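What follows is a single structure, written as structure tokens, with notes after it.
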Amino acid sequence: VCICALLERQYDVRLAGVATEDRPAGRVPLSELNTDLETLAEFGGGVAGITRVAWSDALDSANRWLMHRGRGVGLDVSTDPAGNVFVGRPGSGTQGVLLGSHVDTVPNGGRYDGALGVLGALHAMRALGDDVAKRAGRIAVAAFMDEEGTRFGTDLFGSRAFVGDDLTELAGRVDREGVTLTEAMAERGYAFAELGGAAAVTEYGCYLELHIEQGPVLEEAGADVGIVTAIVGLLGLQVEMTGEANHAGTTPMHLRRDALAGGARAIGELRDLALAEAGITANVGTILVEPGGKNVVPGVCRFTVDVRAANPEAFAQLDHRVRTILLRIAGEEGLTVNVEELYRLEPLTFDAGLVDVVEASAMDETTACMRLPSGAGHDAMVVGRHIPTAMVFVPSRGGISHSPFEYTEPAHCDLGARVLARTIGRVLA
Ligand SMILES: [Zn+2]
């Protein structure tokens, strides 16, 4: 999930470069999974990346192809009132195995984010022996609707409906063309009022999600598989420091109340805080200065702070620690400071038993695996608050994601699917 979307709800179309790919095509024949990834990439694909935002024609076509593909390999397909697509084997009971991810993308996104999780799970399911599949009872891969949330600011929409969250307040959300979410759904034959019918998490006993890392940690460590232990908690703050706008030449330095000088110190100290402790990130991603003139002492400085930690205790302290830094600097610089919370998502620690199973399954395939937390949000962070959940990561070249330059080696895509298949086998053993 692009959390910046919560702040700006804007399409990011700055990346207009033509995607270059140096895949080893022509020498090694691609596996069925990798050919499927290439096929799926054609829906909404263009020179500047793939665009399949929620409820769009491109996403609709991609979903239809996915269902066609599922039927083609002998699996059942269905959709729910939230636009989630399920491909799998129906069964009874409440202990089914759910796999999943999403096939929507950010504007000008890549071909692996989400897509690998859905198609990798489809192929993992095919790889299961019939006896294993039967033991699963119900087993399915979910392609959750609108994980990215770029069109309506409705991140994780499908998985939230699936776990039964009340999404009523999202009905009137408007995209850039003035279309409401309710209208966009109606255009595809879905009624917003019927969303409650999507709640079905209780039919499953666990959830597994394969995903590209979207960061550089695995590549840096030379690891082929990541065993995800947790998803970071996020705290977003809007900060406003206020001093006094004045003449840049006539106001003596020691008499200035320079809001930007305070903001600059805060940026540095927040970075130092996160640099000093493993497991914490801090980011100032937007800054605005008023009145804004080369010969004017800045009177107001507004900036956003995004801090994250996977450890629940560390996350619980972050708000206080950030505010303490801001208040001290404001005091020292003669400024007032106002802090407003923009978003807060608690960290999620994955099910320890299931994480162990993923690790054992990864070790069967490669010794080059490592545990790590996820710094990005995923559908697993929604489903994982209801049923035991774990995730498998495979490396992203250069750590690049949400970009046409997103790339994961075909061998790593296949490896991720195999780890998923082994994990299902162990869960059902
Ligand atoms: Zn994703």
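Every number in this text was worked out from the coordinates using simple rules, so none of it is lab data. This structure is a prediction, so every number in the text was calculated from the model and none was measured. Note: ideal-geometry Cβ built from the backbone for every residue, glycine included; neighbour counts use all protein chains shown.
In order along the stretch 202-218, the Karplus-derived 3J(HN,Hα) couplings, from 6.51 cos²θ - 1.76 cosθ + 1.60 at θ = phi - 60°, round to 5, 7, 10, x, 7, 9, 10, 10, 8, 8, 6, 5, 6, x, x, 5, 5 Hz, and Gly and Pro are given as x. Placing +1 on the Cβ of every Lys and Arg and -1 on the Cβ of every Asp and Glu, with nothing else charged, gives the stretch 163-300 a dipole about its Cα centre of roughly 840 debye.
Of all DSSP beta bridges located in the chain, what percent are antiparallel, nearest 5? Antiparallel: roughly 70 percent of the beta bridges in the chain.
The distance between label points at Thr35 and Ile287 comes to 5.2 nm (points 7 Å beyond Cα on the Cα→Cβ vector). Could you tally the net charge around Thr324, taking each other residue with its Cβ under 13 Å from the Cβ of Thr324, Lys/Arg +1 and Asp/Glu -1? Result for the neighbourhood of Thr324: 0. Sorting the segments 217-224, 107-114 by their mean number of nearby beta carbons within 10 angstrom, highest to lowest, gives 107-114, 217-224.
Of the residues Thr229, Cys206, Thr242, the one whose Cα sits farthest towards the positive end of the charge dipole of the stretch 201-245 is Cys206 (charges of +1 on Lys and Arg Cβ, -1 on Asp and Glu Cβ, taken about the Cα centre). Gly293 sits among other residues whose Cβ lies under 15 Å from its own Cβ, and their net charge, with Lys and Arg +1 and Asp and Glu -1, is -1. Evaluating 6.51 cos²θ - 1.76 cosθ + 1.60 at θ = phi - 60° for every residue in the stretch 188-198, the Karplus couplings come out as 9, x, 10, 9, 4, 5, 9, 3, x, x, 7 Hz, glycine and proline recorded as x.
Between Asn338 and Ala316, the FRET efficiency estimated from the beta carbon spacing at R0 = 22 angstrom works out to 0.45. With a cut-off of 14 Å on the backbone N, the residues of the stretch 318-338 near the modelled label site 7 Å out from Glu269 along Cα-Cβ are 320-338. Estimated from helical segments only, the mean residue ellipticity of the chain at 222 nm is -10500 deg cm²/dmol, where each DSSP H run of four or more residues counts as -39500 (n - 2.57). Computed from point charges on the beta carbon alone (+1 for Lys and Arg, -1 for Asp and Glu), the dipole magnitude for the chain about its Cα centre is near 140 Debye.
If you take the alpha carbon atoms of the chain and fit the smallest convex hull around them, that volume is 151 Å³ per residue. Net charge of the neighbourhood of Val179, taken over other residues with C-beta under 10 Å away and scored Lys/Arg +1, Asp/Glu -1, is -1. Hydropathy at least -0.5 by Kyte-Doolittle, axial extent at least 15 angstrom from the Cα trace: which helices of the chain, defined as entire DSSP H runs, fit? Result, helices passing both filters: 115-127, 259-276, 312-333, 352-365, 410-428.
Taking the average, over residues, of other Cβ atoms within 10 Å as the packing measure, peptides 159-169, 231-241 rank 231-241, 159-169 from highest down. Per residue, the average separation of C-alpha pairs within less than 8 Å and at least 6 apart gives the stretch 261-376 a relative contact order of 23 percent. Measuring r between the beta carbons of Thr324 and Asp131 and using R0 = 60 Å, the FRET efficiency lands at 0.55.
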